[in-house]
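Taking it in order: structure first as structure tokens, then the write-up.
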Amino acid sequence: MNVQNPKIGPGEKGAARCPGAPSTQEILSHDKVQAPPSITAEHYKFLGDEDIAYDRYITPEFAKLEYERMWNRTWQWACREEHIPNVGDYIVYDIGAQSFIITRTAANQVKAFYNACLHRGTKLRGSGSEGNATDFKCPFHGWQYNLDGSLKYLPCQWDFPHVDTAKTRLPEAKVELWQGFVWINMDEKAPPLAEYIGPEVSAHFAKWKLEERYVAMHVIKHMPCNWKFAAEAFLESYHVIETHPLVALSTGDANSQYDVWGDHVSRFLAPMGVLSPHLYGKHTEQDVLDTFTLGDRTVLGDDKLTVPEGGTARGVMADVLRDVMTKALKSDLSSYSDSEMLDCYSYNIFPNCFLFPGISLPMVYRFRPNPKDPTQCIYELLFLRPIPAGEARPAPAEPFTLTLGQSYSEVPGIDPGFGGVFDQDTDNLGLQQEGAAASKKRGLTLGNYQEIRIRQFERTIDKYVGKP
Ligand code: FES
Ligand SMILES: [Fe+2]
């Protein structure tokens, strides 16, 4: 049983692990089809244990610092490439007050134009809009821009002798394409995305090829909390036993693995099909198997599975899942290990991108601040499924927007149990935002291991906002 992490050394800060429970890697070592090196890697580092002030989640002053020093220097995905498949297709991406027209200017080229007319500033395309264009014409006085951003037409040019029309073009943010996403960065001096993510984690994704998946579901919800509170709720499994007790029946929560790489990347590996260490001795392997399918019954179906004498729920799931999902997804999944099929992998690419490359929970999250109120944010949940073998890429799902009071179970096609889990998270977040304002202690206290990703996240925020 792994109580101390041998790489850190017993007694050192951050070395303790859930007593009496196998580590994630010990659980994976018993799998029939072994996980690749990307999954067996461990990368924890102790990063401090002081409290983190609540003001950063509440005040307009801190939100302003984030806009002026962090959002405009970091890589963010603006859309999927499949949202703009043809030349001239565009979609508007907003972050805070900033707005960009993301458009395909050639088969292999995408540009991100600042969405503001060079005359008197009018947005060229409204927020949330998309379509296909041969040029972008301002609705106010009709200045017109080519697809490549150059000026096409300036009405009454005789009145603007001071405008060099040959040199006039819409300013652009940096753009990169990776894993089927269009990434943008407003900082002209930003490092390339591969360097920002780092070679190790870039290599992890080389196999998963998210560019070969499609958007099967897209849900947008406005949340009653700062964007960081929302993001941080998904950086740990620590809350599972209290918030999602049913999920704990089939999740290694207290023995999930947490990794951090540099400033911009972190992940957890939550082993599925195993009982939470909090519940040891209280449930059978059959109980675990019965609840595991909660994750996504739309794919797994309702077949009753049985754990054989001496077997484990995880073993049964690994055997069954690949078969069932190969048929359901009409896709060849033979190259995936048991862990990649079963487990919940969550990678954060700072600041607001969460990628879950596993097959049974193939999600993407994006969190954006509400520019009008730092105690509100916009949370997006997408499902990225493998493209069915031999079929054309399905069109990306249209976003389905939920109001604050609506349940995730109202999303068409979502598994109701799965929707309920997201509702449980939403309920917490409103209370957390209010509690942070009500608190006398004025700061949050983090676990050294299970909340290391939050520590790294806030430390990186500090690095950006501390740099004028
Ligand atoms: S503001 Fe765009 S043409 Fe005048
Ligand atoms: Fe949760």
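The values are calculated or read from the model by the stated rules, or taken from the named source; none is laboratory data. Everything numeric in this text was worked out from a predicted model, so none of it was measured. Because the Cβ atoms are built from the backbone with ideal geometry, glycine has one as well, and the counts that use them run over all protein chains shown.
Listing for the model above:
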quantity	calculated
Failed item, numbered, when Tyr57 is tested on (1) modelled with pLDDT of 95 or more; (2) over 30 Å from Arg393 (Cα atoms); (3) surrounded by fewer than 20 Cβ atoms within 10 Å (Cβ to Cβ)	(3)
Matching residues, region 155-171, being without any contact (Cβ under 8 Å) to a residue 24 or more places away in the chain and touching a Gly at 6+ places or on another chain (Cβ under 9 Å)	Pro155
Where Ala206 falls short, out of the listed (1) more than 15 Å from ligand 1 (Cβ to nearest atom); (2) more than 21 Å from Asn72 (Cβ to Cβ); (3) assigned to a loop (DSSP other than H, G, I, E, B); (4) not hydroxyl-bearing (Ser, Thr, Tyr)	(3)
Cβ pairs under 8 Å, 6+ apart, first in region 324-344 and assigned by TED's automatic domain parsing to the domain that holds Lys32, second polar (S, T, N, Q) and part of a helix (DSSP H, G or I)	Asp332/Thr326; Leu333/Thr326; Ser334/Thr326
In region 427-461, residue farthest from Gln376 (Cα to Cα) [restricted to those that are of a type in the set (Val, Ile, Thr) and in contact with a Leu (Cβ under 8 Å, 6 or more places away or on another chain)]	Ile452
Tyr90 vs. criteria within 15 Å of ligand 1 (Cβ to nearest atom), closer than 27 Å to Glu211 by Cβ and in contact with a strand residue (DSSP E or B) (Cβ under 9 Å, 6 or more places away or on another chain)	no
Tyr379 vs. criteria part of a strand (DSSP E or B) and touching a Leu at 6+ places or on another chain (Cβ under 6 Å)	no
Filter result for Phe400 (touching a strand residue (DSSP E or B) at 6+ places or on another chain (Cβ under 6 Å) and surrounded by 14 or more Cβ atoms within 10 Å (Cβ to Cβ))	yes
Matching entry among Ala21, Ala35, Ala41, Ala16 (being modelled with pLDDT of 95 or more, under 19 Å from Gln456 (Cα atoms) and surrounded by 16 or more Cβ atoms within 10 Å (Cβ to Cβ))	Ala16
Region 66-87, residues that are crowded, with 17+ Cβ neighbours inside 10 Å and out of contact with any strand residue (DSSP E or B) (no Cβ under 9 Å at 6 or more places or on another chain)	Arg69, Met70
Selection count, region 27-77, where residues are part of a helix (DSSP H, G or I), among the small types (Gly, Ala, Ser) and closer than 24 Å to Cys225 by Cβ	1
Long-range neighbours under 8 Å by Cβ, at least six apart or interchain, first residue closer than 20 Å to Ile95 by Cβ and aliphatic (A, V, I, L, M) within region 124-145, second assigned to a strand (DSSP E or B) and more than 16 Å from ligand 2 (Cβ to nearest atom)	Leu124/Ile101; Leu124/Phe113; Leu124/Phe136; Leu124/Lys137; Leu124/Tyr145
Looking only at region 120-150, and only at residues there that are surrounded by 13 or more Cβ atoms within 10 Å (Cβ to Cβ) and basic (Lys, Arg), the one that is farthest from ligand 1 (Cβ to nearest atom)	Arg125
Residue satisfying all of: in region 386-427; farther than 24 Å from His244 by Cβ and of a type in the set (Asp, Glu); farthest from ligand 2 (Cβ to nearest atom) among these	Glu391
Test: residue in region 329-345 that is assigned to a strand (DSSP E or B) and buried (at least 19 other Cβ atoms within 10 Å of the Cβ)	yes
Matching entry among Pro199, Pro191, Pro161, Pro155 (being within 16 Å of ligand 1 (Cβ to nearest atom) and not β-branched (Val, Ile, Thr))	Pro155
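Residue-by-condition table, conditions (1) in contact (Cβ under 8 Å) with a residue 40 or more places away in the chain; (2) of a type in the set (A, V, I, L, M):
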position	(1), (2)
Glu12	no, no
Cys18	yes, no
Ser23	yes, no
Val33	yes, yes
Ser38	yes, no
His43	yes, no
Ala53	yes, yes
Glu61	no, no
Trp75	yes, no
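To keep it simple, each residue is scored yes or no on (1) more than 16 Å from ligand 1 (Cβ to nearest atom); (2) under 30 Å from Phe46 (Cβ atoms); (3) at pLDDT below 95.
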position	(1), (2), (3)
Leu382	yes, no, no
Pro386	yes, no, yes
Pro412	yes, no, yes
Pro416	yes, no, yes
Gly420	yes, no, yes
Leu429	yes, yes, no
Gly435	yes, yes, no
Leu444	yes, yes, no
Pro468	yes, yes, yes
